[in-house]
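Quick notes on the structure that follows.
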Amino acid sequence: MNTSDTSDSRSVPGVGARNGTGVNLPALRHHNAALVLDLLRGAGGDGISRLELAERTGLTPQAVSKITARLRAEGLAAEAGRRASTGGKPRTVLRLVPDARHAVGLHLDRDELTAVLVDLAGTPVAVRTAPLDFGAPAAEVVAGAADAVAEVSASAAPGDGPAVLGVGVAVPGPLDHRDGVLHRVTGFPQWDGFPLREALAARTGLPVSVDKDTNAAALGLALRDPGAGDFAYLHLGTGLGAGLVLGGALHRGVRTGAGEFGHQTLLLDGPPCGCGGRGCIEALCLAAADRGDVAEAARVLGAGAANLVALLDIDRVVLGGRTVAAHEDAYVRGVRAVIEERARREGAGTPVPVAVAGGGDHPVAEGAAQLVLGPLFGRTAE
C-alpha cells in the first residue's frame, strides 16, 4: 500500500500506470481518497480519527491529513467531535457527510418504473414509482425515465458540489454494461442495439451507468455486506435472472452476459419461452406462478438454484423480485427443500442457506444507485 498521497502508482494494482507521460497521479489520489471515504462511510455517525485512517489504509498520517482536508473542503467530510486519547491531546474524529452528494437509481422493469434518490450512505431520500410500458417506443420510455430522474433529484439538498453525481439504470438483460447498449431483451427485441446510456445522459445532463437489474441488486447486496462471500441473487418478477458475486466481485463475464439464469433448459421440448427456446426455467416458473401454484414455481426455481450451487459452489442463495415478495416464506421453503435434497443425495454436507434479499423496499433501484456511488468509495466491479 502507498504511504504517500503522491507516490508511484505502480504499487497499487489497477490504479495508474507508467506511460509516455509518467505516473497517473490523479488516479492514485482518487484511489487513496476512495479508501478514506469508504472507511468514513463504514464508521457511520460515530466517525473515525485520522490516526485510525492511516493505520487502516497504510497511508502516512501526512497523506491522510491532505486527503481529509480536501474532503472537508469539498463538503464530503466533517468533524464528529473528539475522542479521549491514551496520551496527548484528544483526537479529532471525522465522519462522512451523507447529504453532501446524491445518486439516482432507476429500475426500468417491463411494466413499472422505480426511481430512488439515495445519499452517500445509500439511504433513500426520495422514491417515485409509476407504470411503464417497456414495449413503447424507446423515445417515450427514455422521456419518462428522465422525468422521474428530475422529480426525485429535486429532493437533493444543494451543497458545495454537484447535488446529484449521476444516474444508475437497471434494466432487463441481456446488455453490454460497458457501452450502455441493450441487446435482445426477452419479449422486447426492438431494444436490440439501443444506446440507453447515451440517450438518457442526453436527456438528463447527468453521467449514466447501465447494468442488468439482477447485477444491480447483487451489487447493492455485496456493498452492504462485504463479507457475504460468494452468492447468487435470483430475481423473480416479470422475468427471471441472476446476479452473481464471485470472489468478492460482481461477475459479469467476458461478454457481460453472465447471469442469464432464466433461460437454462430444464425440460426438453417443454413450453415455449419468450427467448425463442423451450422448457426454460423462466417459462416454467412464471407459468406456475401465473396459475397460482406457488409450490411448483418454488420447486422449479429450486431446481435451477441447486444447479447453480453445484456448478459454482457458492456460499448462499438470495431471492428477490415482486413474485417472490408476494410469497416469501413459500419460495424460501421450496427452494431450500430442493437444495437440501440434492445436498443429501450427493453427500455434500451442510446445504447452503437460502434467504430473501433485505436492505430496502426497492433493492434493484437502490442497487442501481450504487453503480454511481461504488466508484466514489473504490467499490465497483468492471
Based on the alpha-carbon set only, what is the convex hull volume of region 124-205 divided per residue, in Å³? 103 Å³
At q = 0.12, 0.18 Å⁻¹, what is the log10 ratio I(q)/I(0) for region 82-152, with the Debye formula run over Cα points and no solvent? -0.47, -0.72
Give me the percent relative contact order of region 272-335, please, defined on Cα pairs under 8 angstrom at least 6 residues apart. 32 percent
Ellipticity estimate at 222 nm from DSSP helix runs (n ≥ 4, -39,500 (n - 2.57)) divided over the chain, nearest 500: -12000 deg cm²/dmol
Heavy-atom surface of the chain, accessible at 1.4 Å and reported per residue (Å²): 44 Å²
Put a dot 7 Å past each Cα toward the Cβ at Leu267 and Glu112; how far apart are the dots in nm? 2.7 nm
Note down the relative contact order for the chain as a percent, whole number, built from C-alpha pairs under 8 angstrom at least six residues apart. 14 percent
So for region 223-283, averaging the separation of alpha carbon pairs under 8 Å that are six or more residues apart and normalising by length, what relative contact order in percent results? 23 percent
From the gyration tensor of the Cα coordinates in region 276-361, what semi-axes in whole Å does the equivalent ellipsoid have, largest first, with each one equal to sqrt(5λ)? 21, 16, 12
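Can you give the local net charge around Ala232? Use residues other than it whose beta-carbon is closer than 13 angstrom to its beta-carbon, Lys and Arg +1, Asp and Glu -1.
-3
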Going by Cα centres, region 259-291 and region 96-122 are how many Å apart? 32 Å
May I ask you to give the percent of accessible area on region 117-204 that is carbon plus sulfur, with a probe radius of 1.4 Å? 52 percent
Pull up the DSSP beta bridges for the chain and report the antiparallel fraction as a percent, rounded to 5. 65 percent
Using a Gaussian network model of the chain with C-alpha springs under 10 Å, which one of Arg344, Arg29, Arg70 is most mobile by mean-square fluctuation? Arg344
For the chain, count all C-alpha to C-alpha pairs, find those more than 30 Å apart, and express that count as a whole percent of the total. 44 percent
If the elastic network links every pair of Cα atoms under 10 Å, which of Gly47, Gly259, Gly367 fluctuates the most in the Gaussian network model of the chain? Gly47
Counting each pair of different Cα atoms once, what's the Kirkwood radius of region 179-248 in Å, rounded to one decimal? 13.8 Å
Nearest 5 percent is fine: what portion of the DSSP beta bridges confined to region 233-340 is antiparallel? 75 percent
Normalised convex hull volume, region 128-270, alpha-carbon set, Å³ per residue: 145 Å³
Show me, bin by bin at 5 Å from 0, the whole-percent P(r) of region 326-374 based on Cα pairs. 4, 18, 17, 15, 13, 12, 12, 7, 1
Given 5 Å bins starting at zero, what is the percent of C-alpha pairs of region 130-175 in each, up to the one with the largest pair distance? 4, 17, 23, 23, 15, 10, 6, 2, 0
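The values are calculated or read from the model by the stated rules, or taken from the named source; none is laboratory data. Note that the coordinates shown come from a computational prediction; the quantities given were computed from them, not determined experimentally. Ideal geometry is used to build each Cβ from the backbone, glycine not excepted, and the neighbour counts take in all protein chains shown. Heads up: the accessible areas ignore ligands, DNA and RNA and are worked out on the full protein's heavy atoms, side chains in. Shrake-Rupley method; radii C 1.70, N 1.55, O 1.52, S 1.80 Å.
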